[in-house]
Amino acid sequence: MAAMTRPPLNRRLAAFGTTIFAEMSALAVRTGSINLGQGFPDTDGPEEIREAAVRALRDGRGNQYPPGPGVPELRTAVTEHQRRYYGLAYDPDTEVLVTAGATEGIAAALLALVEPGDEVIALEPYYDSYAASIAMAGGTRVPVTLRPRDRRFTLDLDELRDAVTDRTRLILLNTPHNPTGTVLTREELTAIAALAVERDLLVVTDEVYEHLVFDDAEHIPLATLPGMRERTVTIGSAGKTFSYTGWKVGWVTATPELVTAVRSAKQYLTYVSAGPFQYAIAEALRLPDAFFDGLRADLRAKREVLSRGLTQAGFEVYAPAGTYFITTDIRPLGESDGVAFCRALPERCGVVAIPNAVFYDHREQGAPFVRFAFCKRVEVLEEAAARLKGPATGG
Ligand code: PMP
Ligand code: GLN
C-alpha cells in the first residue's frame, strides 16, 4: 500500500532518464559501431600535458585535497588565458573557481543563482545537462529555439526578447553552440547584452568550445561586451580544448560576488576537483598559439571529411562554424524521425549518431535533425562516411 502511494524516488529528475550520450555510447559498444555520437576525441591530447599530470602525481602535488577554489597555479593560468585571448582581466584569488568539468560549473551556477520558480532562458536545442540542472535548482526552463535560416541555426532576437518575463532570473547561453555548431555573432551578442542590461538579468555563458571555431567565425566571450563583465558567469573547460575529456577540469570566471555564490554550491557538490590534473591543465593553458591554431586546423579538416561524406550520403548538412558537431537534416533520405533513425542506424550500417530531438522541449521541432561528431581520426570518419553511403541509409 505504502509503495503505491509513494511518489517517485527522484521526483524532480524522473523525466530525464539516462543521458542520450550514455545510451548511444552503450549502443555503439554493443553493436560494434563507429561512435559519432558522444563528443570525445579518439586520440589523446598533447603528450607533454599528460606528462605534466604524471609529474604532479609523482611529486605529490594535488594528491591531497587541493584548495576549494582550485590550485593557485591553475587559477592564475585561467586568468592569463582570458587576458591573452580576450583582453579580459580577472583576479585569480577572487574571480576564478575551478570545477569538476564545465558540467559542475553549470550545475553549481544554477543551484546558486536560481531560486525555485525563477525562469531560466536557454537556447533550444540545449545541452542536456542544462535541463537537469535547472530542474535540480527548482527553476523553470524557458526555451528559445534556434531555427535554420540561410543554412545556419539562428537565434531570433525578437523571440528572445519576448521570452523575458518578470520571473526571468538568467539567460543560459552557449556559444559555440552544441549541437548546432552555431557561433553567435557580435551583433547577436550585443543584442543579448543590451537585453540583459535592460532587464537586469544575469547570464551564465557556456564557452567550452571557445577554441573550436572555423573559417571566418570568431568566438567573442559575452563578458567582453559593455555592461556584461559584472553580470556574466563564464564557464570554461579543458576537456575539448586539450582533448582530455576524462580529466574533468573546468572553471568559472565572474565577479567576486558571483564566484562566491557559485562556490557556495560547488563546495557541497564535490568540495574540490581532482588535484594533479589541475597542475597539468595550468601548463596546457600556457601552450603557445601554435597549439591552439593546430587544433583548429585539424578539426576543420575533419569537419570537411565528414561534411563531404554526409552530403554524399544524401543528408542535408548544416556546416558548423564551431564545436565538434555537424547537425544534419535526414528528410532528404526520406526519413523524418531522428530518434527512430538513430536507434536503427547501428544495425543498418554500423554508425552511431545523436538525435537532436532529445535537446528540445518542442521535440517535433528537432525531429528531423541528427548530430554527428567529427572529433575522430580521419580514417574513422572516412569509414563512417562509406558505411553511411551504403544502401541501408538510402545512399
Ligand atoms: N557544455 C557543453 C556545451 C558541452 O558540449 C559539454 C560536453 N563537453 C559540457 C558543457 C561539459 O563539459 P565537461 O566535460 O567539462 O563537464
Ligand atoms: N559534451 C559531449 C557531447 O555533447 C558529451 C558529454 C557527456 O557525455 N555528458 O557529446
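The values are calculated or read from the model by the stated rules, or taken from the named source; none is laboratory data. The shown structure was predicted, so the numbers you read here are calculated from the model rather than taken from an experiment. Backbone-built Cβ (ideal geometry, glycine too); neighbour counts: all protein chains shown.
Remarks
- Scanning the range 178-236 for residues that are farther than 20 Å from Phe292 by Cβ, assigned to a loop (DSSP other than H, G, I, E, B) and out of contact with any strand residue (DSSP E or B) (no Cβ under 9 Å at 6 or more places or on another chain) returns Thr185, Asp200, Pro226, Gly227.
- Residue check, Gly101 within 15 Å of ligand 1 (Cβ to nearest atom), surrounded by fewer than 24 Cβ atoms within 10 Å (Cβ to Cβ) and of a type in the set (Gly, Ala, Ser): yes
- Residues that are part of a loop (DSSP other than H, G, I, E, B) and surrounded by fewer than 20 Cβ atoms within 10 Å (Cβ to Cβ) were ranked within the range 273-293; the one that is modelled with the lowest pLDDT is Ala274.
- For the range 147-161, the condition holds for at least one residue, the condition being that it is under 25 Å from Leu111 (Cα atoms) and not in a strand (DSSP E or B).
- Options Ile220, Ile192; residue that is buried (at least 22 other Cβ atoms within 10 Å of the Cβ), under 30 Å from Arg300 (Cβ atoms) and away from ligand 1 (no atom under 14 Å from the Cβ): Ile192
- Restricted to helices (runs of 4 or more DSSP H) entirely inside the range 1-101, those with at least 3 residues that are touching an Asp or Glu at 6+ places or on another chain (Cβ under 8 Å) are 20-31, 47-58, 72-86.
- Contacts under 9 angstrom Cβ, first residue in the range 286-308 being closer than 27 Å to Leu74 by Cβ, partner part of a helix (DSSP H, G or I) and among the β-branched types (Val, Ile, Thr), 6 or more apart: Leu287/Ile49; Phe292/Thr241; Leu295/Thr241
- On the stretch given as the range 296-309, residues that are touching a Lys or Arg at 6+ places or on another chain (Cβ under 9 Å) and more than 16 Å from ligand 2 (Cβ to nearest atom) total 1.
- The residues on offer are Ser273, Ser243, Ser264, and the sole one that is within 13 Å of ligand 1 (Cβ to nearest atom), within 25 Å of Leu170 (Cβ to Cβ) and polar (S, T, N, Q) is Ser273.
- For the criterion of being touching a Pro at 6+ places or on another chain (Cβ under 7 Å) and polar (S, T, N, Q), Thr31 passes.
- The range 28-52, subset within 16 Å of ligand 1 (Cβ to nearest atom) and of a type in the set (D, E, K, R), residue farthest from Glu73 (Cα to Cα): Asp42
- Strands (runs of 3 or more DSSP E) within the range 295-395 that include 3 or more residues closer than 24 Å to Lys240 by Cβ: 325-329, 369-373
- For first residues located in the range 110-135 and on the phi > 0 side of the Ramachandran plot, partners that are among the hydroxyl-bearing types (Ser, Thr, Tyr) and lie 6+ apart or on another chain with Cβ distances below 9 Å form the pairs Gly117/Thr140.
- Some residue of the range 122-145 being away from ligand 1 (no atom under 16 Å from the Cβ), of a type in the set (D, E, K, R) and out of contact with any His (no Cβ under 6 Å at 6 or more places or on another chain): no
- Residue within the range 110-117 that is outside any helix (DSSP H, G or I) and either acidic (Asp, Glu) or within 15 Å of Asp206 (Cα to Cα) (or both) present: yes
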